[in-house]
Each structure stands twice: as structure tokens, then as C-alpha cells.
Amino acid sequence: MKISEITQELEKLAPLAYAEGFDNVGLLVGNPNAKITKILVTLDTLESVVDEAIEKGANLIVSFHPIIFSGMKKLTGKSYVERVAQKAIKHDINIYATHTALDNSQFGVNHQISKQLNLHNTKILIPQKDTLRHLVTYVPVESAEKVRNALFEAGAGFIGNYDNCSFNLKGTGTYRPVAGANPYKGEIGRTEFSEEERISIVFNKHRENEIFRALRKAHPYEEIAYELFQLENTNQNIGMGMIGELENEMDEAEFLNYLKEKMQTQCIRHSKLLNKKIKKLAVLGGSGSFAISNAKQIGADVFITADLKYHDFFQAENRILLADIGHYESEQFTKDLLTAYLSEKFPNFAVLKSEINTNPVHYT
């Protein structure tokens, strides 16, 4: 099996198009055509993880965090990043990272946290903008169903929990074939009046190439008339963080113990207790201080994240309980998510979960 076959499935779960602009995701070390023996899934790619891959005979490491984040000008082994890259190259080990592409996935990091906490009625906390496209095309009436179905099969027409969504309007189109044309209908030099259907359909931007391949294949015209628009609508299925509800409300102290147990963390830093019940939760794995205002705006009782600084806690403003459970602790179950996903997609292929705890933070 080639890396490209594996990454194709990974990018269905976490399309790279939705990673944040500052990020470095995808295949970081290796060749997309390399043949893979085993996959090792980790949260961080450290030297010890590369050693584990060598020992277990895995030549693809699927990592959540990218080991190469900013530009590298030298490979001299002076930093742990350079040493990891050197060792991986020396032993023909490929490294792939998902990071914020998986953060922004509907079934990614924050979905996994929500599952861990048994949350219900979940939805995205900060839906991403500029990820939707609107396609309008004009098709002969007799070919409209074929084209419409081809677009649906390519992934167009999803709106929330509905698929096969489109708007269709019949009308009359005109065109005149000139010298060199090979018209579906009509004659060279003569204006043709054709009964056509206007198909309007929405799709996620990462499917654009597939959508247009399907359109070209199914559309009968030699020259396809279409319009493509970038929508400003927020995408309810893509974005950072998640909102959900506990089945039963809890006192704050009871909830913090529940959170500690479920997220397997030794320490929770939190804002002042407000003597209120906890029912509605906002979660965001990793560094999430930027989303405090969003959590307050949607009326969450608590916001669970990591890496909050001293002044971030003042933003609670007696309106919300802020809970910092630790960066590693908030994302640790991502290994389970990726391992389960890849094992389901490739049931006859060895997918191993790294046994190494890569958390650099220790508590005394």
C-alpha cells in the first residue's frame, strides 16, 4: 500500500484545505509513492517515537502535531526537530501530520473530547468561514438528472444533515456554434434555442476538483457554461471547538472531579467557582484562549481548553467557569481517534498506537 492511498483516507476525515494558515500539515517527510509496511499513530513525533517505529517495523508515522512547524534552514542535528528529521530520513520513515486540519474536522479532536465527556447535542463552537462554494451550471433538460446526480455523487449538495440539495429552474438558453465547434445540438452559424435547466448547488471547497471532474464527465456540452461563487456563509460542519450538553447537570465541584476522571488529568487550573450548575459545555483541544468570548457568547456554563495565561482567567467575568486541563491531556485521545479510523479504513493492515507518552509537562 502506498502513502498516497492512506493519506487520501486521512484527508476525508481531515481535509488539509481547512487547516489554519499558520500550520504545517500533510506529508512532512517522505514520498507519497512509498510503499508502507505498518502505521504508527502518535500525538508528537519525538526521537523516541521514531525509535519505536523502527523497532516495530512501521515506516509511516501519523502524528497529530507537526514535528516541522516553521522553516528549516539546516539539518545539523542541533535541535530535537532536526534530529527527528535526520533519523526518519536515515531509516526511510515517512511522517504525516494532521494538526489543525483535524482540529477543524466535524469528527476530529473536539468531537473526541465530546465523546470522552459523554456530551449530547453537539455542534461546532466557531464555524469556519469562506469554506463553501456555490456552483451554477446550465444543462439541456434531458441531461439535467444525469448531471445533478453526478454532482451529488462527487460530494456536492450537502447542507447540514441533508444531502442531494439543489435548486433547479427551467428556461431557454441560446448559443451559436462558430467554425471549429462540435455542438451537442444545432448547426454551425445558426443560433440555437435550447430548453435548459439551471442547476444551483453548494459544496465544500476541498471537493472542487472532484466536482468539476464530475461536471465535465456528465455534461453533454462541448463548452460548459457555469458560474462559481465563494460564499461568506459559515460552515456548520467545519470549525474550531465544540458545544455540547451533559445528560444531567452537576455542581461545579462534582463536575471538576468528573472532568478530571474522564480526561485523565492530574491537575485542573480553573477560574473562580460561581456556585452554579454545569450543563452546557464548550470544549477546544489545545491552546484555546482565543475562544473564551465565543464560549461566553453561546452561554456555556464551562469552557474546557488548555494553555490559559494568568490574564486569560480574568475573561471569565463571573459569567463562565474556565477550566485548563493541560495541552497534552486535552488532545491525548486523538491517538485513539486516528488509530480507530485508520484501522476501520484498512482492516487488513497493521495500524499501531504509540505506547510512548510524549507529554513534556510533569506535575509534582
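The values are calculated or read from the model by the stated rules, or taken from the named source; none is laboratory data. Fair warning: this is a prediction, and the values are worked out from it, not measured in the lab. Ideal geometry is used to build each Cβ from the backbone, glycine not excepted, and the neighbour counts take in all protein chains shown. Quick note on the areas: whole protein, heavy atoms, side chains included, nothing else; ligands and nucleic acids left out. Shrake-Rupley method; radii C 1.70, N 1.55, O 1.52, S 1.80 Å.
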Reported set for the range 6-63 where residues are in a helix (DSSP H, G or I), among the hydroxyl-bearing types (S, T, Y) and within 22 Å of E355 (Cα to Cα) is S48
Going through (1) surrounded by fewer than 18 Cβ atoms within 10 Å (Cβ to Cβ); (2) modelled with pLDDT of 95 or more one by one, I159 fails only at (2)
Restricted to the range 165-224 and to residues being touching an Asp or Glu at 6+ places or on another chain (Cβ under 9 Å) and among the aliphatic types (A, V, I, L, M), the residue farthest from N235 (Cα to Cα) is A181
Check your understanding: What do you reckon, is E210 surrounded by fewer than 16 Cβ atoms within 10 Å (Cβ to Cβ), in a strand (DSSP E or B) and in contact (Cβ under 8 Å) with a residue 40 or more places away in the chain?
Key -> no
Taking the range 106-131 and the residues there that are part of a loop (DSSP other than H, G, I, E, B), open to solvent by 10 Å² or more (accessible area, probe 1.4 Å) and among the polar types (S, T, N, Q), the one that is nearest to T42 (Cα to Cα) would be Q106
Boolean, N168 is open to solvent by 40 Å² or more (accessible area, probe 1.4 Å), among the polar types (S, T, N, Q) and outside any loop (DSSP other than H, G, I, E, B): yes
Listed by first then second residue, the pairs whose first member lies in the range 77-97 and is over 16 Å from L40 (Cβ atoms), whose partner is β-branched (V, I, T) and open to solvent by 10 Å² or more (accessible area, probe 1.4 Å), with beta carbons under 8 Å and at least 6 positions apart or on separate chains, are V81/I67; V81/I68; E82/T76; A85/V29; A85/I67; A85/I68; I89/V29
Residue count, the range 132-163, condition part of a strand (DSSP E or B) and of a type in the set (V, I, T), comes to 4
Might you let me know whether the range 179-199 holds any residue that is surrounded by fewer than 11 Cβ atoms within 10 Å (Cβ to Cβ), at pLDDT below 95 and among the aliphatic types (A, V, I, L, M)? yes
Regarding the range 12-20, can at least one residue be identified that is modelled with pLDDT of 95 or more, over 17 Å from the mean Cα position of the chain (by Cα) and among the small types (G, A, S)? no
Matching residues in the range 171-197 (outside any loop (DSSP other than H, G, I, E, B), closer than 17 Å to E222 by Cα and touching a Lys or Arg at 6+ places or on another chain (Cβ under 8 Å)) number 5
Restricting attention to the range 307-364, the residues that are surrounded by fewer than 14 Cβ atoms within 10 Å (Cβ to Cβ), among the β-branched types (V, I, T) and either within 15 Å of F64 (Cβ to Cβ) or free of Cβ contacts under 8 Å to residues at least 12 places away in the same chain (or both) number exactly 1
Per the list (1) assigned to a helix (DSSP H, G or I); (2) under 27 Å from the mean Cα position of the chain (by Cα), residue check on N257 breaks on (2)
